[in-house]
1. Quick one: which of 120, 108 is in contact (Cβ under 8 Å) with a residue 24 or more places away in the chain and touching a helix residue (DSSP H, G or I) at 6+ places or on another chain (Cβ under 6 Å)?
2. Tell me yes or no: at least one residue of region 56-66 is in contact (Cβ under 8 Å) with a residue 24 or more places away in the chain, out of contact with any strand residue (DSSP E or B) (no Cβ under 7 Å at 6 or more places or on another chain) and under 18 Å from residue 16 (Cβ atoms).
3. Does residue 11 satisfy being crowded, with 18+ Cβ neighbours inside 10 Å and at pLDDT 95 or above?
4. Inside region 18-43, can you point out the residues that are in a helix (DSSP H, G or I) and under 11 Å from the mean Cα position of the chain (by Cα)?
5. If you check every pair at least six apart or on different chains, which have Cβ atoms under 6 Å apart with a residue in region 1-22 that is closer than 30 Å to residue 84 by Cβ first and a residue that is modelled with pLDDT under 95 and surrounded by 13 or more Cβ atoms within 10 Å (Cβ to Cβ) second?
6. Among 54, 92, 124, 130, which is under 21 Å from residue 8 (Cα atoms) and outside any helix (DSSP H, G or I)?
7. Those residues that are out of contact with any helix residue (DSSP H, G or I) (no Cβ under 8 Å at 6 or more places or on another chain) and closer than 29 Å to residue 121 by Cα, I need them from region 66-75; list them, please.
């Protein structure tokens, strides 16, 4: 018998439960009102697919440290726990897990882009060749 509370599908469902994820168009609106757009795609993915205009590129391995306002390693934009954050990955899976981790830190407005960068492209939204605003 399969346990529905195990595995990556269950983890993803839990991460998305009760969260309002954003469409590409809603993501544009969010950034216009001041939300941080955070791209967690790898360097090779960004080189192949293009850059998200206005996004901060933060490696998934340091995401929590860069965005936690209480962290000594935070970026200047991580001013408090009320900052709206939209996380983007390639297809919208790892970004859901990353946003859930940020909410667990207290960044209660963290969410992600439904369908990731691929949905952004399908929506015909602008891309850039670079350079990206990479935060190490």
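The values are calculated or read from the model by the stated rules, or taken from the named source; none is laboratory data. Keep in mind that what you see is a predicted model, and the values were worked out from it rather than measured. Here the Cβ positions follow ideal geometry from the backbone for every residue, glycine too, while neighbour counts run over all protein chains shown.
1. 120
2. Within region 56-66, one or more residues are in contact (Cβ under 8 Å) with a residue 24 or more places away in the chain, out of contact with any strand residue (DSSP E or B) (no Cβ under 7 Å at 6 or more places or on another chain) and under 18 Å from residue 16 (Cβ atoms).
3. no
4. Result: 27, single match.
5. Note: no pairs meet the criteria.
6. Among 54, 92, 124, 130, only 92 is under 21 Å from residue 8 (Cα atoms) and outside any helix (DSSP H, G or I).
7. Answer for region 66-75, where residues must be out of contact with any helix residue (DSSP H, G or I) (no Cβ under 8 Å at 6 or more places or on another chain) and closer than 29 Å to residue 121 by Cα: just 66.
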